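The values are calculated or read from the model by the stated rules, or taken from the named source; none is laboratory data. Source: prediction; values computed, not measured. Using ideal geometry, Cβ is built from the backbone for each residue, glycine included, and neighbour counts are taken over all protein chains shown. These area figures cover heavy atoms from the full protein model, side chains too; ligands, DNA and RNA do not enter into them. Shrake-Rupley method; radii C 1.70, N 1.55, O 1.52, S 1.80 Å.
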Amino acid sequence: ETAEAGGLLPLLASALELPLKGAAPPSDQISAYLADREMLLVLDNVEQLLPAGASLLQALLGAAPDLKLLLTSRVALNLRAEHRFPLGGLPSPPETATVAAGDDYSALTLFRQAAQRVDPRFAPSPAGEEAMAAICRLVGGLPLALELSAAWTRVMSCTAILTQIRENVDFLAATFHDLPARHRSLRAVLQQSWALLNPAAQRALARLAIFRDTFTLDAALA
């Protein structure tokens, strides 16, 4: 039993309100508890438990036929039973969209909600509305980046926020006490994802940074 898998077991037992006792391994106790139950388990940030956690989850699925797992992870589990659903950023208005039409985009809605939490009087000018839409596009609709951006509306206009983000990604940072350290800046999020890559993948990604947008396989090989 590895440290990663061992850390998951007590968390699962606690979520299931299952007291672990006796000499039987915790994994066996949890498997026996789930064996005849129909249940959905939701686990977040599973990449922190890989690769050992994947084997444990696979064992639970084998022991409990009616168990379903809904997982979020930055790294695939690489199990045959896995059905992947890639998640991207929230829909943002394209450059051709007018501000009025862009009101239906989730990225804009989240930005407004986050801005109104720090400034209930938030009401951007028409230029500010355009800047807000540009911010949504610039950060790819990423919810955390939108919230970090919107937090600055209490002291800066949307136009100024857009300028700062373009100049330095480190601008996207906050000091909310209820945010874990890994979510207090966009750089921290990126560094956490970077650390999940092996050295070969890091070198490849660094070389691919020459592309500003999507690219073909032929272009990447060249």
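Annotations for the structure displayed:
- Qualifying positions in the stretch 193-222 - assigned to a loop (DSSP other than H, G, I, E, B), open to solvent by 100 Å² or more (accessible area, probe 1.4 Å) and within 26 Å of residue 47 (Cβ to Cβ): 213, 214
- The residues listed here are 43, 79, 18; of these, the one that is within 30 Å of residue 197 (Cα to Cα) and surrounded by 15 or more Cβ atoms within 10 Å (Cβ to Cβ) is 43.
- Residue list for the stretch 157-184, restricted to those being modelled with pLDDT under 70 and either within 30 Å of residue 51 (Cα to Cα) or open to solvent by less than 70 Å² (accessible area, probe 1.4 Å) (or both): 174, 178, 179, 180, 181, 182, 183, 184
- Looking across the stretch 27-40, the residues that are among the hydrophobic types (A, V, I, L, M, F, W, C) and open to solvent by 20 Å² or more (accessible area, probe 1.4 Å) come down to 32, 35, 39, 40.
- Failed criterion for residue 110 (all others in (1) open to solvent by less than 50 Å² (accessible area, probe 1.4 Å); (2) out of contact with any Asp or Glu (no Cβ under 8 Å at 6 or more places or on another chain) hold): (2)
- Failed item, numbered, when residue 119 is tested on (1) farther than 25 Å from residue 212 by Cα; (2) open to solvent by 50 Å² or more (accessible area, probe 1.4 Å); (3) modelled with pLDDT of 90 or more: (2)
- The stretch 134-147: number of residues that are assigned to a helix (DSSP H, G or I) and open to solvent by 10 Å² or more (accessible area, probe 1.4 Å): 6
- Scanning the stretch 3-11 turns up no residue that is surrounded by 12 or more Cβ atoms within 10 Å (Cβ to Cβ), free of Cβ contacts under 8 Å to residues at least 60 places away in the same chain and part of a loop (DSSP other than H, G, I, E, B).
- If you go through the stretch 46-59 and keep only what is modelled with pLDDT of 85 or more and open to solvent by 30 Å² or more (accessible area, probe 1.4 Å), you end up with 55, 58, 59.
- Yes/no for residue 56 being touching an Asp or Glu at 6+ places or on another chain (Cβ under 9 Å) and of a type in the set (A, V, I, L, M): yes
- Filter pass, residue 88 being touching a helix residue (DSSP H, G or I) at 6+ places or on another chain (Cβ under 8 Å) and either among the small types (Gly, Ala, Ser) or modelled with pLDDT of 85 or more (or both): no
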